[in-house]
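The values are calculated or read from the model by the stated rules, or taken from the named source; none is laboratory data. Not measured: the values here are computed from a predicted model. For neighbour counting, all protein chains shown are included, and Cβ atoms are generated from backbone atoms with ideal geometry for every residue, glycine included. With ligands, DNA and RNA removed, areas are computed over all heavy atoms of the protein, side chains included. Shrake-Rupley method; radii C 1.70, N 1.55, O 1.52, S 1.80 Å.
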Amino acid sequence: MALSESQSNKQKHVHLFYYPECEDLARNVAAQSSNITLQTIKWRNFDDGFPNIYINNAQDLRGQHVAFLASFSSTGVIFEQLSVIYLLPRLFVASFTLVLPFFPTGSFERMEDEGDVATAFTLSRMLTNIPISRGGPTSLVIYDIHALQERFYFGDHVLPLFETGIPLLKQRLHQLPDADNIVIAFPDDGAWKRFHKLLDHFATVVCNKVREGDKRIVRLKEGNPAGCHVVIVDDLVQSGGTLIECQKVLAAHGAAKVSAYVTHGVFPKRSWERFTQKDERSEKAFSYFWITDSCPLTVKAIANKAPFEVLSLAGSIADGLQI
């Protein structure tokens with residue numbers, strides 16, 4: 001939404017740094033407002049592989065509002081980003097905001113057996129230890145964290161702001177020619193608990209997984225998808241197996257079309273390829289597959305490949321930098 005000149009003048013000016021993976025998203029964020037200026041970092045390595053990093057114009061950051069757009073896409077890139085994240089607040093900045101669109105260990109948030117390591121708690125502790133800036137605790141912006149209770153994993157040195165990509169989905173659904181025939185499907189009770197209040201003006205269908213011997217079978221628990229364009233909604237996708245099984249169940253119960261939305265398209269080992277197959281009898285049964293740009297490596301991989309469409313978080317991130 002365009003801002004008037006008076007509104008723009010009331011906003012704080014933010015200097016936005018970013019990890020190279022996130023450059024496209026960072027540029028899109030900066031394009032949302034004249035009050036966001038992109039800044040650069042020299043990301044290099046010594047011969048032994050450890051980071052050799054230089055923050056450009058560090059002296060000019062004193063008294064300024066500073067943000068960093070991160071991508072923890074693998075364990076190998078976290079250390080060098082944390083090195084920057086821990087330094088920026090110490091440069092006498094007025095405030096510091098860390099934008100981590102995808103919290104990657106979110107699905108490892110609990111212990112089922114003694115000895116399990118809940119790495120969601122580990123990463124939360126690492127982020128909690130970000131130094132306090134001159135303006136106070138770090139603001140930490142995360143989208144659709146896997147389990148809402150994870151907000152309590154963070155200590156008092158950071159202020160987590162949990163955002164969602166669902167408004168982007170709702171906007172896109174209203175643009176469809178069959179917008180009045182949309183039904184939202186949740187692949188399990190967890191997704192229903194997480195998102196149903198945000199989508200309460202749509203009719204809904206809920207699936208669940210039941211164990212039959214050694215197999216987990218997806219079944220329709222409640223709702224009627226017959227004759228409708230059904231959109232499966234979840235926070236993230238890994239292999240995509242659950243979505244595929246859910247699609248088959250919905251089609252068997254008469255769904256006219258099936259699409260999917262996830263905020264985070266993780267897709268390890270190029271598992272997104274399962275959804276671009278040309279065999280109409282199997283995975284290529286999705287009319288649309290919407291993801292956000294929270295996982296930049298996936299966005300590059302699926303560019304211009306049907307049925308994928310990317311809904312950008314850029315506008316929402318730009319808004320979050322003003323909080």
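Specify which of the listed residues (224, 208) is more than 23 Å from the chain's Cα centre (by Cα) and modelled with pLDDT of 95 or more.
Working: 208 fails: modelled with pLDDT of 95 or more.
Of 224, 208, the one residue that is more than 23 Å from the chain's Cα centre (by Cα) and modelled with pLDDT of 95 or more is 224.
The single condition among (1) among the aliphatic types (A, V, I, L, M); (2) modelled with pLDDT of 95 or more; (3) under 27 Å from residue 314 (Cα atoms); (4) open to solvent by less than 60 Å² (accessible area, probe 1.4 Å) that residue 250 does not meet is (3).
Looking at this structure, is residue 220 touching a Cys at 6+ places or on another chain (Cβ under 7 Å) and part of a strand (DSSP E or B)? Break it down stepwise before answering.
On the way: touching a Cys at 6+ places or on another chain (Cβ under 7 Å): yes; part of a strand (DSSP E or B): yes.
When the stated conditions are applied, residue 220 passes them.
Checking each residue in the stretch 1-41 for being small (Gly, Ala, Ser), closer than 14 Å to residue 319 by Cβ, open to solvent by 60 Å² or more (accessible area, probe 1.4 Å) and at pLDDT below 95 picks out only 2. With respect to the stated conditions, residue 290 is at pLDDT 95 or above, surrounded by fewer than 24 Cβ atoms within 10 Å (Cβ to Cβ) and part of a strand (DSSP E or B).
Return the residue satisfying two criteria in turn: it lies in the stretch 187-201 and is assigned to a loop (DSSP other than H, G, I, E, B) and buried (at least 16 other Cβ atoms within 10 Å of the Cβ), and of such residues it is modelled with the lowest pLDDT.
As a first pass, look at the stretch 187-201 and keep what is assigned to a loop (DSSP other than H, G, I, E, B): 187-188, 200-201.
Next cut, buried (at least 16 other Cβ atoms within 10 Å of the Cβ) only: 187-188.
On the way: 187: 95, 188: 92.
So the residue we want is 188.
Would you check which residues across the stretch 254-276 are under 19 Å from the mean Cα position of the chain (by Cα) and in a helix (DSSP H, G or I) and list them? Hits for the stretch 254-276 are 268, 269, 270, 271, 272.
Please verify whether residue 105 is at pLDDT below 95 and touching a Leu at 6+ places or on another chain (Cβ under 7 Å), treating the condition exactly as stated. Steps first, please.
On the way: at pLDDT below 95: yes; touching a Leu at 6+ places or on another chain (Cβ under 7 Å): yes.
Against the criterion (at pLDDT below 95 and touching a Leu at 6+ places or on another chain (Cβ under 7 Å)), residue 105 qualifies.
Test of understanding: among 102, 121, 154, which residue is in contact (Cβ under 8 Å) with a residue 40 or more places away in the chain, open to solvent by 10 Å² or more (accessible area, probe 1.4 Å) and either closer than 22 Å to residue 323 by Cβ or under 22 Å from the mean Cα position of the chain (by Cα) (or both)?
Numbers: 121 fails: in contact (Cβ under 8 Å) with a residue 40 or more places away in the chain; 154 fails: in contact (Cβ under 8 Å) with a residue 40 or more places away in the chain.
One residue alone meets the criteria, 102.
Rundown of residues vs (1) at negative phi; (2) crowded, with 16+ Cβ neighbours inside 10 Å; (3) touching a residue at least 12 places away in the same chain (Cβ under 8 Å), yes/no style:
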site	(1), (2), (3)
132	yes, no, yes
135	yes, yes, yes
140	yes, yes, yes
149	yes, no, yes
164	yes, yes, yes
174	yes, no, no
179	yes, no, no
185	yes, yes, yes
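Going through (1) among the basic types (Lys, Arg); (2) modelled with pLDDT of 95 or more; (3) open to solvent by 60 Å² or more (accessible area, probe 1.4 Å); (4) in contact with a strand residue (DSSP E or B) (Cβ under 8 Å, 6 or more places away or on another chain) one by one, residue 219 falls short only on (2). What about residue 240, is it under 23 Å from residue 147 (Cβ atoms) and either loosely packed, with under 15 Cβ neighbours inside 10 Å or modelled with pLDDT under 95 (or both)? Here the answer is yes, as residue 240 does meet what is asked.
Just for strands (runs of 3 or more DSSP E) wholly inside the stretch 20-132: which have at least 1 residues that are among the basic types (Lys, Arg) and out of contact with any Pro (no Cβ under 8 Å at 6 or more places or on another chain)? I'd like the intermediate steps shown before the answer.
On the way: elements: 36-38, 41-45, 51-55, 65-69, 95-99.
By residue number, 41-45.
Of the residues making up the stretch 205-217, at least one is touching a residue at least 24 places away in the same chain (Cβ under 8 Å) and within 16 Å of residue 262 (Cβ to Cβ). What are the residue pairs meeting all of these: first residue in the stretch 295-323, first residue open to solvent by 30 Å² or more (accessible area, probe 1.4 Å), second residue among the charged types (D, E, K, R) and part of a loop (DSSP other than H, G, I, E, B), Cβ atoms under 6 Å, and 6 or more apart or on different chains? Close Cβ pairs (under 6 Å, with a partner that is among the charged types (D, E, K, R) and part of a loop (DSSP other than H, G, I, E, B)) amount to 299/293; 310/293; 312/293.
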